[in-house]
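Reading through the structure tokens given below for one structure.
The values are calculated or read from the model by the stated rules, or taken from the named source; none is laboratory data. The structure presented is a predicted model; accordingly, all values stated were derived computationally and were not measured. Cβ placement follows ideal geometry from the backbone for every residue including glycine, while neighbour counts extend to all protein chains displayed. Accessible surface areas use protein heavy atoms only, side chains included; no ligands, DNA or RNA. Shrake-Rupley method; radii C 1.70, N 1.55, O 1.52, S 1.80 Å.
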Amino acid sequence: MLAYEELKKRGIVFAILGKGYYIKSVEFSFEQRYFVLFDELNAFKEDLYSSFLEAIANRAQIDIFFHHFNLEMFRKLINESNGNYSKYIIMPTNLVGAASIIKTLPKNDVYILDQTNEELADYPSVHQNFVKDIFSALSEAKPLLDRYKKLVLLFPGFKEPLGMVEGFQKFVDEFSFENSVIPNFDHQIIEKGTVYIIPNDRHLVEVIEQAKQQQLQLGVDFGIISYNDTPLKKVVENGITTISTDFKSMGLLLAEMVVTNKKYRIENKSNLISRNSL
């Protein structure tokens, strides 16, 4: 039976309940099959995935799936993959109930990516520490932030990690900044002297469009700090300041752990990248 389970993981046989095992393919070249479950694909996660693929270097078959922040899709994809792969690489994001679903998988074969939590503390991971990262970045930016009157965190809370709010609140409390946390921008009037901290790129566009309508100068009349760096943010409005982890490094670290079968919990480094928007 153990031999059959190993052949299932390698994609050579499949099982039909009550009937037995059947050959899926006689042409196979990989001893390892990795199930990779992302929340979504965007520019920076494409960098993560590309660096992971490059580091794996054709040593395994990699199947990637997306749950799009939908718990039922998350559950379905994991249930259907269970037992069919040698490794399971999961982005649980902030889905409530994700941990209990992940725990149905073979524990020794699971790796957590990007976001983790106390319920998943027993699993190896390469992740961001959002509380520490946003607090550290804002602390580094404080000499620039002191030029402004108010900090506003745009936080819809659907996709974004809750640790962002905790780290932001810790910073504004410690340094006594006037502040607010709002779920959306919706073409509000921008007040001079306000810095917007924006995890969502759609809101970034909305704030910039509103500033143009009000004829405000970014970096002078108001400021922006965006989350997650992309090549476009280097050039938009002469440069957008970002708080960003190194997604290529995240992919490389993950690949090294998976290939060597090592079990670590690694906080991927995050940096403030200062540009003209602040």
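Can you tell me the accessible area per residue over the chain, all protein chains present, probe 1.4 angstrom, in square angstrom?
50 Å²
Relative contact order for the chain: what percent, with Cα pairs under 8 Å and sequence separation of 6 or more?
In percent, rounded to a whole number, it is 18.
Between residue 248 and residue 235, with labels modelled 7 Å along Cα→Cβ, what's the label distance in nm to one decimal, could you check?
With each label placed 7 Å out from Cα toward Cβ, I get 1.8 nm.
Can you send over the carbon and sulfur percentage of the accessible area for the stretch 217-267, probe radius 1.4 Å, protein chains only?
It is 52 percent, rounded to a whole number.
To one decimal place, what orientation-averaged projected area in nm² is obtained for the convex hull of the Cα set of the stretch 121-278?
Convex hull of Cα atoms, orientation-averaged projection: 9.6 nm².
Could you tell me the relative contact order of the stretch 56-135? Use alpha-carbon pairs under 8 Å, at least six residues apart, and round to a whole percent. If you can, show how the numbers build up before the last one.
Details: 76 pairs, mean separation 18.7, N = 80.
Contact order relative to length: 23 percent.
Within straight cross-link reach of residue 103, meaning Cα distance under 17 Å, which aspartates and glutamates are found once same-chain residues fewer than 8 apart are removed?
Result set, ordered by chain and number: 72, 80, 118, 119, 122.
Specify the inter-centroid distance of the stretch 107-169 and the stretch 179-257, based on alpha-carbon positions, in whole Å.
15 Å
When the helices in the chain are scored as -39500 (n - 2.57) per DSSP H run of 4 or longer and the sum is shared across all residues, what 222 nm value do you end up with, to the nearest 500 deg cm²/dmol?
Theoretical 222 nm ellipticity from helices: -10000 deg cm²/dmol.
Using DSSP to define loop residues, name the trypsin sites (Lys or Arg not before Pro) in the stretch 134-212 whose beta-carbon has at most 16 other beta-carbon atoms within 10 Å.
Taking the stretch 134-212 and a limit of 16 other Cβ atoms within 10 Å, the loop trypsin sites (Lys or Arg not before Pro) found are 147, 149, 159, 192.
Any idea what the dipole of the chain comes to, in debye rounded to 20, about its Cα centre with Lys/Arg Cβ at +1 and Asp/Glu Cβ at -1?
Roughly 580 debye, rounded to the nearest 20.
Of the listed values (1) 70, 32, 31; (2) 73, 44, 30; (3) 54, 52, 37, grab the one calculated as Cα extents along the principal axes in Å from the structure here.
Recomputing Cα extents along the principal axes in Å here picks out (1).
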